[in-house]
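Below is one structure; the comments refer to it alone.
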Amino acid sequence: MNAGSSPTPSGQSTSIGHESATPLEIIKPPADWFQNGFHRFLETYLKRHFHAIAFEQTELPPVIADAPDVPVIVYCNHPSWWDPLLAHFINRHLFKPRQLYAPIDAAALQKYKVFEKLGFFGVEMHSNRGAAAFLKTTAELFRRPATALWLTPEGRFADSRDHDAELMPGLAHLCTRTREALVVPLSLEYVFWEERLPECLFRFGECVALSEFPGRTKADWADDLATRLRDNQTLLAERVIARSSEPFHNLLRGKQGASGIYDWGRRLKSWMKLRRFDASHGDQFGSPSGG
C-alpha cells in the first residue's frame, strides 16, 4: 500500500494509495453478528497457535478511549502473515468500540471475500488515480464515528529488527490531508521463549494528534512517523531479548506444554504425587487479566 501495506492471506503485501476496487457507497460497517462469530472463531484459533498474546503496559492517551468520534490511525511493522488477524484481535480488545478498517490488495480480496465483511476494502495497485481514491475513501471512513484505520507502511514482509527500509509515502500523505485523527505506532514481534508455541508480543509507541501539527509537510511527517515506529521497535526488541513477561499484560493464554505422550507422562506423575498438573515449562504469562 502507498499509505502502508496491509498483508493478504496469500502472503502478499499490498499498497495503500491505489485505486479503490470498492466504491465508497458499498464499504459498509461489518455486521455485528458476523464479526462476533468471527471473533469467537479467532480466539479459539489463536489459542491453538500461540502460547500468549501480550503487550507492554504503556498507557495510551485517555482520549483514545474517551473520544471514540476521533479517528485513530494505527500503523505497524509487518513481520508476518498473522498481522491482519492480530490487528482484528487487538482492535477488538483494546480499541472497542472502534471499527477496524484496512486496505487490502483488490485481487487478494477477490480470493478472500470474507475479509470484505470484516472491514477490509480493496485497493488497486500501480495507479495515481488510485491514490486519490484511497484518500477519498479514508476521508469518508473518518466521517464515521468510532473508526480505526490499520496500516502497514513497510509495504512488504520485513524482519522485526530491520529498520533500514523507508516507509511508503501514503501514510505521510494521509496525515497531511487529515485534519483530526490520532496516529499510533504499533510494533509486533513473534518470538519463541520457553514454550513449544510462540509468543506474540506488541507495544504501542507515543501517540500523536494530527490537530497539534497543522501545516506540517509531508516530508516532516514521513521522518516523524518513521522515527516513532523504529524507536518503538527498538524498545520492544529490548523487552524481547530480556525474555521476561513482567513488563507485559497478557490478553490471551494459549496452549502450553509439549502435548502428546510427553505431557501425558508428566500429568500421570503429578497425579501420583497428588499435585496439580501444570503443562507450562516456565512461569511466564499466567491467565489473562482482561483487556
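Key figures for this structure:
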{"read-out": "Any hit, the stretch 156-163, residues being surrounded by 23 or more Cβ atoms within 10 Å (Cβ to Cβ), of a type outside the set (S, T, N, Q) and over 22 Å from Thr217 (Cα atoms)", "value": "no"}
{"read-out": "Qualifying residue in the stretch 58-67 (condition: out of contact with any strand residue (DSSP E or B) (no Cβ under 6 Å at 6 or more places or on another chain), part of a loop (DSSP other than H, G, I, E, B), surrounded by 17 or more Cβ atoms within 10 Å (Cβ to Cβ) and not small (Gly, Ala, Ser))", "value": "no"}
{"read-out": "Answer residue from the stretch 202-229, given it is in a loop (DSSP other than H, G, I, E, B) and out of contact with any Asp or Glu (no Cβ under 9 Å at 6 or more places or on another chain) and is modelled with the highest pLDDT among those", "value": "Thr217"}
{"read-out": "Test: residue in the stretch 124-132 that is touching a residue at least 60 places away in the same chain (Cβ under 8 Å), surrounded by 13 or more Cβ atoms within 10 Å (Cβ to Cβ) and under 26 Å from Lys96 (Cβ atoms)", "value": "no"}
{"read-out": "Options Leu100, Leu135: the member that is modelled with pLDDT under 95, surrounded by 19 or more Cβ atoms within 10 Å (Cβ to Cβ), under 26 Å from Thr227 (Cβ atoms) and out of contact with any Leu (no Cβ under 6 Å at 6 or more places or on another chain)", "value": "Leu135"}
{"read-out": "In the stretch 198-215, the residues that are of a type in the set (D, E, K, R) and in contact with a strand residue (DSSP E or B) (Cβ under 7 Å, 6 or more places away or on another chain)", "value": "Glu199, Arg203"}
{"read-out": "Residue count for the stretch 103-123, restricted to those that are buried (at least 19 other Cβ atoms within 10 Å of the Cβ) and outside any helix (DSSP H, G or I)", "value": "8"}
{"read-out": "Those residues of the stretch 230-256 which are surrounded by fewer than 19 Cβ atoms within 10 Å (Cβ to Cβ), assigned to a helix (DSSP H, G or I) and among the polar types (S, T, N, Q), in sequence order", "value": "Thr234"}
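The values are calculated or read from the model by the stated rules, or taken from the named source; none is laboratory data. This is a predicted model, so every value here is computed, not measured. With ideal geometry, Cβ positions are generated from the backbone for all residues, glycine too; neighbour counts draw on all protein chains shown.
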